[in-house]
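The values are calculated or read from the model by the stated rules, or taken from the named source; none is laboratory data. Treat the numbers as computed from the prediction; the structure is a model and nothing was measured. Backbone-built Cβ (ideal geometry, glycine too); neighbour counts: all protein chains shown.
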Amino acid sequence: MIYKNAQELLSEVPKEVTVVLAAKGRSAKEVEAAIDAGIRIVGHNYVKEAEAHKALLPHIEFHLIGHLQTNKAKKAIDIFNMIQTLDSIKLALELQKQCQIKNITKDVLIEINSGREAQKAGVLPEDLKGFLTELRDFDRIHVRGLMTMGPYLKDPEEIRPYFRLTKELFWDLRTENLPNVDMEILSMGMSDSYKIAIQEGANMVRIGTKIFGPRTNYGIH
């Protein structure tokens, strides 16, 4: 089922859209089935879980798609090719420090709190330019674009304005000449909202349930 679902999804989305497999709570066997179908990037919410999968799938690209605590940054830069959830200067400082120690540069996306929700992480839309200005001297962090989740709403159509807002921020920044910033990736949309996200300009989507089927242990979006 997973293999078929992944193949169908990959044939459905435009070729310019990258599918990231949202693999929270899934077994390595399940993840491998999706990889066999053509998925090339695995997304994880937790460092420990990704570490276990990375050991079994060393040639696959891994992205962090969940919140990263600063005390996990050292391990995260070893595991993940990209961190999609940079949301604070505190985290940026730790990433910069750990990358300097290892003499590497890490690709990141800035997480946007497009719904301005107090309980969620992410940079507020109105704070984004200031945030990027503060990052100007962080030469070990390469900002490749933006990511947003948007609010959890019963009707996926209602999330469209939040995707549109993030897209506008993305395109505005493409005209800026900011150091260590290349606005290339717009990561928006999950299993219930990826079609709307693509309509609104996403070129990366994070898909779990539509490939794996309904969860039987704990939640995934």
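Being more than 18 Å from D127 (Cα to Cα), in a helix (DSSP H, G or I) and in contact (Cβ under 8 Å) with a residue 40 or more places away in the chain, is that true of even one residue in the stretch 163-186?
Within the stretch 163-186, none of the residues are more than 18 Å from D127 (Cα to Cα), in a helix (DSSP H, G or I) and in contact (Cβ under 8 Å) with a residue 40 or more places away in the chain.
For the stretch 208-216, check the following and say yes or no: at least one residue is among the charged types (D, E, K, R) and surrounded by 17 or more Cβ atoms within 10 Å (Cβ to Cβ). Working first, answer last.
Of the residues in the stretch 208-216, the ones among the charged types (D, E, K, R) are 210, 215.
Now restrict to residues that are surrounded by 17 or more Cβ atoms within 10 Å (Cβ to Cβ): 210.
Within the stretch 208-216, one or more residues are among the charged types (D, E, K, R) and surrounded by 17 or more Cβ atoms within 10 Å (Cβ to Cβ).
Given the stretch 21-113, what strands (runs of 3 or more DSSP E) lie entirely inside it while holding 1 or more residues that are basic (K, R) and either surrounded by fewer than 18 Cβ atoms within 10 Å (Cβ to Cβ) or free of Cβ contacts under 8 Å to residues at least 40 places away in the same chain (or both)? Break it down stepwise before answering.
Numbers: elements: 41-44, 61-64, 82-86, 106-112.
Qualifying strands (runs of 3 or more DSSP E): 106-112.
Sort through Q7, Q84, Q98 and tell me the only one that's under 16 Å from the mean Cα position of the chain (by Cα) and among the polar types (S, T, N, Q). Break it down stepwise before answering.
On the way: Q7 fails: under 16 Å from the mean Cα position of the chain (by Cα); Q98 fails: under 16 Å from the mean Cα position of the chain (by Cα).
None of the others qualify; the one that does is Q84.
Being of a type in the set (D, E, K, R), in contact with a strand residue (DSSP E or B) (Cβ under 7 Å, 6 or more places away or on another chain) and within 21 Å of H67 (Cβ to Cβ) is the requirement here; does R174 meet it? Full working, then the answer.
On the way: of a type in the set (D, E, K, R): yes; in contact with a strand residue (DSSP E or B) (Cβ under 7 Å, 6 or more places away or on another chain): yes; within 21 Å of H67 (Cβ to Cβ): no.
When the stated conditions are applied, R174 does not pass them.
Please specify each residue of the stretch 196-216 satisfying the condition of being farther than 28 Å from D127 by Cα and of a type in the set (D, E, K, R).
Answer for the stretch 196-216, where residues must be farther than 28 Å from D127 by Cα and of a type in the set (D, E, K, R): K210, R215.
For A50, are the conditions met, namely being of a type in the set (A, V, I, L, M, F, W, C) and at pLDDT below 95? Can you show your working first?
On the way: of a type in the set (A, V, I, L, M, F, W, C): yes; at pLDDT below 95: no.
No; evaluated as a whole, the condition is false for this residue.
Which of (1) surrounded by 19 or more Cβ atoms within 10 Å (Cβ to Cβ); (2) under 28 Å from I77 (Cα atoms) is the odd one out, the single condition I159 does not satisfy?
Single failed check for I159: (2).
Go through the stretch 118-149 and give me each residue that's touching a Phe, Trp or Tyr at 6+ places or on another chain (Cβ under 9 Å) and either more than 16 Å from K90 (Cα to Cα) or in contact (Cβ under 8 Å) with a residue 40 or more places away in the chain (or both).
Result: G145, L146, T148, M149.
Of (1) of a type outside the set (D, E, K, R); (2) surrounded by 22 or more Cβ atoms within 10 Å (Cβ to Cβ); (3) at pLDDT 95 or above; (4) not in a helix (DSSP H, G or I), G150 satisfies all except one. Which?
Of the numbered conditions (1) of a type outside the set (D, E, K, R); (2) surrounded by 22 or more Cβ atoms within 10 Å (Cβ to Cβ); (3) at pLDDT 95 or above; (4) not in a helix (DSSP H, G or I), the odd one out for G150 is (3).
If you go through the stretch 38-78 one residue at a time, how many are of a type in the set (S, T, Y) and under 17 Å from K106 (Cα atoms)? Talk me through it step by step, then tell me what you get.
Of all residues in the stretch 38-78, those of a type in the set (S, T, Y) come to 46, 70.
From what's left, under 17 Å from K106 (Cα atoms): 70.
Residues that pass the stated criteria total 1.
Please give the number of the condition R160 fails out of (1) at pLDDT 95 or above; (2) within 20 Å of L64 (Cα to Cα).
Of the numbered conditions (1) at pLDDT 95 or above; (2) within 20 Å of L64 (Cα to Cα), the odd one out for R160 is (2).
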